[in-house]
Amino acid sequence: PTPTYSGSLNTRRMEIAGFNVMDAVFPAGMVCGVHYHEQPSVAVVLQGSISKTYAHGKYTSTDNSLYTTPSGERHELAIGEQGLRLLIMESARGERPSPRLGARLFQRVLSLPLPSLGLLARQTASELRQADDFSALVIDGLVSAMLAAASRSENGAALNSKRPAWLDRVEQRMHDAPGVPGRI
């Protein structure tokens, strides 16, 4: 496993409500071969770009995009020519993201342009870099707002929709008796 901030030139970090929240800067042209992370994370690109290649596809995220990295998901990455600055929200070691905070976002690979998150992510990064007695409270609220906004997004909403139990039963029956008419 590789730490989420591995290769960062400059990282500010704070643990808030079961998350490590990081403002991390990566050098232009950095490449990292196949690796994985123990902890799941959600990141917002503040500046620059990152391309991540997984077994099932390649995703490029640029300014104001959100991307997710589930724990154990093998990938490789390349940082763009402008470098990269990210706000990373990573589940703290041993912690599982709360359903209240968009836990399903952390369970699959996702790359979404979400311009509305840019301002919240920049405010969070600013709080990390100028920490005072109130920063933990402010960051906690901003992280909750970002995860809620991502969960409500068009693709995020699909992640959080509850499948009806009857659909699971139908799929299981179809799987158990493929090609047998009338067995559903």
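The values are calculated or read from the model by the stated rules, or taken from the named source; none is laboratory data. Predicted model only: the values in this text are computed from it and were never measured. Positions of Cβ are backbone-derived with ideal geometry, glycine not excepted, and every protein chain shown enters the neighbour counts. Calculation scope for accessible area: heavy atoms of the full protein, side chains included, ligands and nucleic acids excluded. Shrake-Rupley method; radii C 1.70, N 1.55, O 1.52, S 1.80 Å.
One table, with the values for the structure above:
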quantity	calculated
Pick from the stretch 23-34, criterion assigned to a strand (DSSP E or B) and in contact with an Asp or Glu (Cβ under 7 Å, 6 or more places away or on another chain), ranking: nearest to Ala136 (Cα to Cα)	Cys32
Filter result for Asn155 (of a type outside the set (Lys, Arg), in contact with a strand residue (DSSP E or B) (Cβ under 7 Å, 6 or more places away or on another chain) and either open to solvent by 80 Å² or more (accessible area, probe 1.4 Å) or modelled with pLDDT under 60 (or both))	yes
Search result, residues across the stretch 11-40 that are farther than 16 Å from Thr124 by Cα and of a type in the set (S, T, N, Q)	Gln39
Where Glu90 falls short, out of the listed (1) in a loop (DSSP other than H, G, I, E, B); (2) crowded, with 20+ Cβ neighbours inside 10 Å	(1)
Output for the stretch 8-41, where each listed residue is open to solvent by 40 Å² or more (accessible area, probe 1.4 Å), under 22 Å from Asp132 (Cβ atoms) and of a type in the set (Asp, Glu)	Glu15
Among (1) closer than 30 Å to Asp133 by Cα; (2) in contact (Cβ under 8 Å) with a residue 40 or more places away in the chain; (3) of a type outside the set (Lys, Arg) - the single one Gln47 does not satisfy	(2)
Selection count, the stretch 82-106, where residues are at pLDDT 95 or above and either in contact with a Phe, Trp or Tyr (Cβ under 8 Å, 6 or more places away or on another chain) or of a type in the set (Lys, Arg) (or both)	5
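Matching residues to (1) under 19 Å from Gly80 (Cβ atoms); (2) among the aliphatic types (A, V, I, L, M):
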position: Pro3; (1), (2): no, no
position: Gly7; (1), (2): yes, no
position: Asn10; (1), (2): yes, no
position: Phe19; (1), (2): no, no
position: Ala28; (1), (2): yes, yes
position: Val42; (1), (2): no, yes
position: Leu46; (1), (2): yes, yes
position: Ser49; (1), (2): yes, no
position: His56; (1), (2): no, no
